[in-house]
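Notes for the one structure printed next.
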């Protein structure tokens, strides 16, 4: 059974937390592996928080949409915002995750922030980013 739900709100850390928990709750109601619900929530929270911090510069008033599509074989989540575009390095990293991967032997690569994309790469099966008509689209999928 396919299910499509869209959540809309003002981009803030509180709203991101509510959206992430809502997505996890929808996921838990599916026939998909229940143990992945927390990972899906984490991925939505990481990207949503990046939108608040980087796309909107922690300024209030920006919009955020989370499009959740569930099918028998997995889910697709797309976060949409109207903030500034993702920087070139981060865009390249979405395609080539090894660009930001920390080196276990080099403490200078162990960032205290900026790990959101690394986390999403580890917990979701696929991710992509594009910008169209002054809007950012970050797509993630998780297969059953």
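Where a number appears in this text, it was derived from the coordinates with a stated rule and is not lab data. Since we're looking at a predicted model, the values are computed, not measured. Cβ atoms come from the backbone with ideal geometry, glycine included; neighbour counts cover every protein chain shown.
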Which of 54, 67 comes first, and how do the rest follow, when ranked by fewest Cβ neighbours within 10 Å?
-> 67, 54
Proxy reagent accessibility, fewest Cβ within 10 Å first, across 137, 68, 130 = 130, 137, 68
Simple spin-label model, 7 Å along Cα-to-Cβ: residue 35 to residue 125 in nm?
-> 1.7 nm
Label model pair residue 28, residue 67: point-to-point distance (7 angstrom along the Cα→beta-carbon line) in nm is 2.7 nm
Given 0.36 nm per residue, what is the gain on full extension from residue 8 to residue 59 after removing their alpha carbon distance, in nm?
-> 16.6 nm
In which sequence would 105, 36, 125 go, from the one with the fewest C-beta neighbours within 10 Å to the one with the most?
-> 105, 125, 36
